[in-house]
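Take a look at the structure below.
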Amino acid sequence: MKSDWEITKESKEPKLDKPIFIEGLPGIGNVGKIAVDFLIEEFKAKKLYSFFSYKFPHSVFVNEKNMVEVPKLEVYYKKFNNGKRDLLLLTGDIQPIDEESCYGFCEEILKIAKHHGCTEIITTGGIGLQQMPEKPRVYCTSNDTELFKQYVKKGMLVEKDIFGVVGPIVGVSGVLLGLGKKRKVKGVSLLAETFGHPMFLGIKGAKELLRVLEKKFKYGIDLKKMSKEIIEVEKELMKKTKEWLSEHPGTLAGAQAKKKETSYIG
């Protein structure tokens, strides 16, 4: 079957050492996207692939130079050459807008992950609360029992009891894990608490996600850099998200949470 996704190779394919694939696309508080964009900036990651599809939203953004931009979905890579596991990082302006395009996109991502020898996928997102959390907690779920145990063991800063907190995980952060299990690619989803308002910027939740990644992989992530400059960059991102949501109000990726203090994931 012909793919709906046009994938452009933006640089020569690197030889990566046991890379980890980390996804961070827009959602509640843009928690995952903020975290992954920070990693791309922090590690000066290089763009490897860009995606285009006629199933993108039927809209473009207007940038600060008054020029139009087609929505972006991109994969970056970082090669460390110091014994640390290399990274593949997925970021973008949007989520695929319907079920078919989401599954098709995730199939393409899994092909890329397997092509580069990824042994682990990490998806990220936010759990929307009715109030701003003072210290956001990070929850974990997985498609592999042994991998799950690695993330929720003592000292890993991760809550393991997610059942009963949230319902289905909708969008790329969920479908990648589901399809990953079918395609024999292990993965976890790290979900940080954040305020559930569509225009809230989940900087605190993103920091907690990065804290967990640093705890596990020891990349030397400098969380102090997530400062005013980062916030200013992400304000522009939130503007794009607002525009996209106004055009597609029913397509925000997420999961309906159980009716306690939480509302949904994205």
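The values are calculated or read from the model by the stated rules, or taken from the named source; none is laboratory data. Computed from a predicted model, the values in this text were never measured in an experiment. Cβ sites come from the backbone with ideal geometry, for glycine too, and all protein chains shown count toward neighbours. These accessible areas exclude ligands, DNA and RNA; they are computed on the full protein's heavy atoms, side chains included. Shrake-Rupley method; radii C 1.70, N 1.55, O 1.52, S 1.80 Å.
Summary table below
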{"read-out": "Residues of the range 9-40 satisfying the condition of being among the charged types (D, E, K, R), outside any helix (DSSP H, G or I) and crowded, with 21+ Cβ neighbours inside 10 Å", "value": "GLU23"}
{"read-out": "Residue that is farthest from the chain's Cα centre (by Cα), among those in the range 147-165 that are open to solvent by 40 Å² or more (accessible area, probe 1.4 Å) and at positive phi", "value": "GLY155"}
{"read-out": "Qualifying positions in the range 71-95 - loosely packed, with under 12 Cβ neighbours inside 10 Å and of a type in the set (A, V, I, L, M, F, W, C)", "value": "none"}
{"read-out": "Residues that are without any contact (Cβ under 8 Å) to a residue 12 or more places away in the chain and either assigned to a loop (DSSP other than H, G, I, E, B) or charged (D, E, K, R) (or both), drawn from the range 108-134", "value": "LYS111, GLU134"}
{"read-out": "Selection within the range 82-101 - assigned to a loop (DSSP other than H, G, I, E, B) and in contact (Cβ under 8 Å) with a residue 40 or more places away in the chain", "value": "LYS84, ARG85, ASP86, ASP93, ILE94, GLN95, PRO96, ILE97, ASP98"}
{"read-out": "Boolean, PRO168 is at pLDDT below 95 and either assigned to a helix (DSSP H, G or I) or surrounded by 15 or more Cβ atoms within 10 Å (Cβ to Cβ) (or both)", "value": "no"}
{"read-out": "Selection count, the range 214-240, where residues are modelled with pLDDT of 90 or more and surrounded by 21 or more Cβ atoms within 10 Å (Cβ to Cβ)", "value": "0"}
{"read-out": "Total residues in the range 171-194, condition of a type outside the set (Gly, Ala, Ser) and part of a helix (DSSP H, G or I)", "value": "7"}
{"read-out": "Subset of the range 128-146 [surrounded by 17 or more Cβ atoms within 10 Å (Cβ to Cβ) and closer than 21 Å to LYS186 by Cα]", "value": "VAL138, TYR139, CYS140, THR141, SER142, ASN143, ASP144"}
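Condition check ((1) in contact with a Lys or Arg (Cβ under 7 Å, 6 or more places away or on another chain); (2) aliphatic (A, V, I, L, M); (3) within 13 Å of LEU176 (Cα to Cα)) across all residues:
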| position | (1), (2), (3) |
| --- | --- |
| LYS65 | no, no, no |
| LEU73 | no, yes, no |
| PHE80 | no, no, no |
| ARG85 | yes, no, no |
| GLY92 | yes, no, no |
| GLY104 | no, no, yes |
| GLU107 | no, no, yes |
| LEU110 | yes, yes, yes |
| HIS116 | no, no, no |
